[in-house]
Amino acid sequence: MSLALCEARKALRMGEIPVGAVVVKGGKLLSKAHNRTGEHPLYHAELLAMMDVPPGDLEGATLYVTMEPCVMCSGAAVLSRLKEIVFAVENPRFGGTYSLYQIPLDTRMVHRVTVRKLEMREDTVSLLREFFGR
C-alpha cells in the first residue's frame, strides 16, 4: 500500500485527485499508476494499473488502491478476475466495492473478488484533504 500512496502523491502534484494503485501477484509488483482523469475521464489509477498488466497475469492478482474503487473500476476488477482488492479509505460518494455497492462480492457475478480494508487511513485522508481544501 505504501507504493500506492507514493502514486497518490504523484497525482496530487499533478493537480489530480490523489489516488494511487498497484497490482501485485505472488509478491511481485506488476504495475503501478495514479489518477490522470484530467487527460481522460476513464484514466482512474485502478484502470491504468490493470491495463498495464497482460490480461492473463491479472487473474489471481491483488489490487492495492488508496481509495475504494468506483463502480467502473470494481467491474473491471471482477472482469479481470482479480483475487483481491485492498483499499485504505472508503469512497462514500462513488464507492463500488464497499460503501455504496459491493460489485466484487455480488453473487450474481461469475467471479467474485475478496475485498479488504487496510488501516492506512490517516495518510490517505491527509492527501485527500490537501486536494479538496484547495
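The values are calculated or read from the model by the stated rules, or taken from the named source; none is laboratory data. From a predicted model like this one, the values you see are computed outputs, not experimental measurements. With ideal geometry, Cβ positions are generated from the backbone for all residues, glycine too; neighbour counts draw on all protein chains shown. All accessible areas refer to the heavy atoms of the entire protein, side chains included, with ligands and DNA or RNA removed. Shrake-Rupley method; radii C 1.70, N 1.55, O 1.52, S 1.80 Å.
Which one of these does Ala88 not meet: (1) out of contact with any strand residue (DSSP E or B) (no Cβ under 7 Å at 6 or more places or on another chain); (2) crowded, with 21+ Cβ neighbours inside 10 Å; (3) in contact (Cβ under 8 Å) with a residue 60 or more places away in the chain?
The failed condition is (1).
Give the residues of segment 66-85 that are buried (at least 19 other Cβ atoms within 10 Å of the Cβ) and touching a Ser or Thr at 6+ places or on another chain (Cβ under 9 Å), sorted by residue number.
Of everything in segment 66-85, those that are buried (at least 19 other Cβ atoms within 10 Å of the Cβ) and touching a Ser or Thr at 6+ places or on another chain (Cβ under 9 Å) turn out to be Thr66, Met67, Glu68, Pro69, Cys70, Cys73, Ser74, Ala77, Leu82, Ile85.
All but one of (1) assigned to a helix (DSSP H, G or I); (2) over 21 Å from Cys6 (Cβ atoms); (3) in contact with a strand residue (DSSP E or B) (Cβ under 9 Å, 6 or more places away or on another chain) hold for Ala76, so report the exception by its number.
For Ala76, the exception is condition (3).
Among the residues of segment 58-73, how many are assigned to a strand (DSSP E or B) and of a type outside the set (A, V, I, L, M, F, W, C)?
3
Among the β-branched types (Val, Ile, Thr) and either more than 18 Å from Val125 (Cα to Cα) or over 14 Å from the mean Cα position of the chain (by Cα) (or both): which single residue out of Val24, Val19 fits that description?
Residue meeting the stated conditions: Val24.
Which residue out of Ala21, Ala8, Ala33 is within 17 Å of Glu84 (Cβ to Cβ), among the hydrophobic types (A, V, I, L, M, F, W, C), open to solvent by less than 60 Å² (accessible area, probe 1.4 Å) and at pLDDT 95 or above?
Ala21
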